[in-house]
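To keep things clear, I will list the structure first and then write my remarks on it.
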Amino acid sequence: MRMRTCSLALLTALTFGCSGKTSLSPNNSVSGAYDFAVTSNVTGAVTLVEANLSGSANQSSANGPTQVQILTLEKKIWYVNGSCPGNTPGQNSLTTSITGDNVAVRFDEGGNAFGGPAVFTGASINGSYSLTGSSCPDLVGIIGVYPPGYDQGGFVGNPVANLTGTFSGSINLPSGTDNASFTLSEGSDQSLTVTAQLTGADNGTFTLTGTAIGNSMFVSGTVSGQDISLLGYYDRQGTFSGYPGSLIVFNYVSQAKAGVLLSQ
């Protein structure tokens, strides 16, 4: 469904190869689209950090909603912009810094920042994090044997390929429930066009535009005279939806889950 190729690049004593729009540049920075899964050992939550990284020297960064999107699944509930979005929900960032064979990763979830050391394992970035004194509501109360405001866990980041293909299923839009067929097409600049064929509450073909960010789509447009903004996560393995190659779609404004579309 998503296919790309890239050249191999050499990091001191480490060869970093990928199939996708991601690479280590000759000056040792990480660049391209990444999907990070952050798992908390305290709350059990899995936070998906989708980022389009750009690098200079040994530093890489991604900032704002068109470069970083965050979703958290905790106790079977999805949270758009994460379960600890800070004071500026949606204004997320991700930075990396490489020293030798090691990489430091910092996530910022709308003002709640955390991160830690990591290493490269092939094309993957594997690391751990811990923090104290967090004001996140999930962590303020005492959770089991952990002190208030404490969290720790691990993260894995993987490069991802183009977000393309056709997905169909039932979806809830502002007008009501539709049978939908979404065809996604990503440009070389990570721009994304979604051609949505809808029958039900809305009838017709509508075009949504935006950006492919990591393994996610962030698009907006007008459907039956109503403005909509959608966030979708491409669940390659079916880890979260139970359907490999599915697209989990959220209404970005209401933050409600809109539906799951299956790959065709």
Quick check: anything in the stretch 135-151 farther than 21 Å from Asn81 by Cβ and either assigned to a helix (DSSP H, G or I) or touching a strand residue (DSSP E or B) at 6+ places or on another chain (Cβ under 8 Å) (or both)? yes
Quick check: anything in the stretch 185-206 touching a residue at least 60 places away in the same chain (Cβ under 8 Å) and of a type in the set (A, V, I, L, M, F, W, C)? no
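Would you be able to tell me the number of residues in the stretch 32-47 that are among the aliphatic types (A, V, I, L, M), assigned to a strand (DSSP E or B) and surrounded by fewer than 23 Cβ atoms within 10 Å (Cβ to Cβ)?
Here is the first cut: in the stretch 32-47, the ones among the aliphatic types (A, V, I, L, M) are 33, 37-38, 42, 45-46.
Restricting the remaining residues to those that are assigned to a strand (DSSP E or B) gives 33, 37-38, 46.
Still in the list and also surrounded by fewer than 23 Cβ atoms within 10 Å (Cβ to Cβ): 37, 46.
Total meeting the criteria: 2.
Every residue in the stretch 107-161 that is charged (D, E, K, R) and touching a residue at least 40 places away in the same chain (Cβ under 8 Å), please. So that I can check it myself, show each step before the final result.
Taking the stretch 107-161 and keeping what is charged (D, E, K, R), we get 108-109, 138, 151.
Result: Glu109, Asp138, Asp151.
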Within the stretch 130-182, restricting to residues that are surrounded by 21 or more Cβ atoms within 10 Å (Cβ to Cβ) and charged (D, E, K, R), the one that is farthest from Val219 (Cα to Cα) is Asp151
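Please list, ordered by residue number, the strands (runs of 3 or more DSSP E) wholly in the stretch 84-129 having 1 or more residues that are at pLDDT below 95, surrounded by fewer than 17 Cβ atoms within 10 Å (Cβ to Cβ) and in contact with a Leu (Cβ under 9 Å, 6 or more places away or on another chain). Steps first, please.
On the way: elements: 93-99, 102-109, 112-121.
In the stretch 84-129, 112-121 are the strands (runs of 3 or more DSSP E) which contain 1 or more residues that are at pLDDT below 95, surrounded by fewer than 17 Cβ atoms within 10 Å (Cβ to Cβ) and in contact with a Leu (Cβ under 9 Å, 6 or more places away or on another chain).
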Go through the residues of the stretch 65-74 one by one and say whether even a single one is crowded, with 19+ Cβ neighbours inside 10 Å, without any contact (Cβ under 8 Å) to a residue 60 or more places away in the chain, of a type outside the set (S, T, N, Q) and not in a loop (DSSP other than H, G, I, E, B). yes
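The values are calculated or read from the model by the stated rules, or taken from the named source; none is laboratory data. This structure is a prediction, so every number in the text was calculated from the model and none was measured. When we count neighbours, we look across all protein chains shown, and the Cβ atoms used for this are built from the backbone with ideal geometry, even at glycine.
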